[in-house]
Amino acid sequence: MSLLDLSQNSIWLNLVLFTLFAAGVWYAGSKLSLYVDLIADRTGIGQAFAGALLLGGATSLPELATTISASASGAAELAGNNLLGGVALQIAVLAGMDIVCLRNRPLTFFSPKAALLLQGVFLILMLSLVIMILMTGELITLAGVGMWSMMLVVIYGFGLWSFHRYEGDPRWKPAGELEEPPESNRDLKDAHQAEYQSVSTGTLVLWFSLAACGVLFSGYLVARTGEVLSEQTGLGQSLIGATLVALATSLPEVSTTWSAIRFGAYSMAVANILGTNVLEVVLFLPADIAYRDGSIIEAMDPSASFLAALGIVLTSIYLWGILERRDRTILGMGYDSALVLLFYFGGMGLYYSLSL
């Protein structure tokens, strides 16, 4: 029995290891949110942009490691469905945080940022392009890497530039009541500011980098254990990639979103999820590079486009919530969060039937 060769372990030992690695991801991810919030305040880059670039990039490291590993081993469906399934799952994470962390007002009520709307629209654009790509197939390849995958990276770079420029000079601002975070969240954030007042920005950046490495290492182990567990249970690549492995690699987002909401950085929490989701789509390029049996787009089942469409639906619901800012709740969560959970579980049920 070897801990390094996980496939030789019993299913129970792998479940224990999965839990231990997940705890490591949670701890490192919670530190990421704190450091990014402090860096955003000190540098003035804005919470939405910091959430999309710094948090989104750092928490996507496990997805990158898992995607490259699965693609290199020829598991194209596992890699692709992990990315697209992760998009829908992480929007559902926001709904879960709405229930657990905020029971008096919806999460979107505290996120009146035009930059978040821009990020959400951009995510819908990227997912729509993925659906078109899956339907048309790869048209041109260069050294085994598809043109579509490279195009997604170029569009992502333009999107990052747009986010940064827009947050610094928004064209419009929301009217009406601009609610402050609850008192306990403000107190917690003030306590964090006071605790790290003597720590230099350079040191914070170093700690952020170390926490990101912790997320990468622990997240990869979580995803690898989840992949082995999927083999041991005998379930298929498509369904496991969209559920278990997507959940495993989404643990950093769960941890950082929880932490950001706890100290009142609501816009950062939403931007973290949206930014991560946009980056998930871009990871088709490293997946394509690692997959040596041709284009990874050609190897994926067309049913994967259903996952991309589900991501569009869930993102649209949250954009609706940010625009409307309805302050009423149902079952302790916002109406938008309730709809997200309804559509997510209903959608995954439909996807399961497509995978049979």
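The values are calculated or read from the model by the stated rules, or taken from the named source; none is laboratory data. What you are looking at is a predicted structure, and each value in this text was computed from that prediction instead of being measured. Positions of Cβ are generated from backbone atoms using ideal geometry, with glycine treated the same way; all protein chains shown enter the neighbour counts.
Note on segment 32-56: among residues that are modelled with pLDDT of 70 or more and closer than 28 Å to residue 285 by Cα, the one that is surrounded by the most Cβ atoms within 10 Å (Cβ to Cβ) is 36. Quick check, is residue 261 touching a Cys at 6+ places or on another chain (Cβ under 9 Å) and either more than 30 Å from residue 73 (Cβ to Cβ) or in contact (Cβ under 8 Å) with a residue 40 or more places away in the chain (or both)? When the stated conditions are applied, residue 261 passes them. Inside segment 130-165, residues that are without any contact (Cβ under 8 Å) to a residue 60 or more places away in the chain and either part of a strand (DSSP E or B) or not aromatic (Phe, Trp, Tyr) (or both) make up a count of 13. Cβ-Cβ contacts under 7 Å between residues 6 or more apart (or on different chains), taken from a first residue in segment 286-306 that is touching a residue at least 60 places away in the same chain (Cβ under 8 Å) and of a type in the set (Phe, Trp, Tyr) to a second residue that is crowded, with 22+ Cβ neighbours inside 10 Å and assigned to a helix (DSSP H, G or I), are listed as 291/71; 291/76.
For (1) in contact with a Ser or Thr (Cβ under 7 Å, 6 or more places away or on another chain); (2) under 21 Å from residue 100 (Cβ atoms); (3) modelled with pLDDT of 70 or more; (4) buried (at least 20 other Cβ atoms within 10 Å of the Cβ), each residue gets a yes or a no:
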residue	(1), (2), (3), (4)
199	no, no, yes, no
204	no, no, yes, no
207	no, no, yes, no
221	no, no, yes, yes
253	yes, yes, yes, yes
267	yes, yes, yes, yes
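Among the residues of segment 295-323, which ones are closer than 19 Å to residue 80 by Cα, at pLDDT below 85 and part of a helix (DSSP H, G or I)? 296, 297, 298, 299, 304 - these are the residues of segment 295-323 that are closer than 19 Å to residue 80 by Cα, at pLDDT below 85 and part of a helix (DSSP H, G or I).
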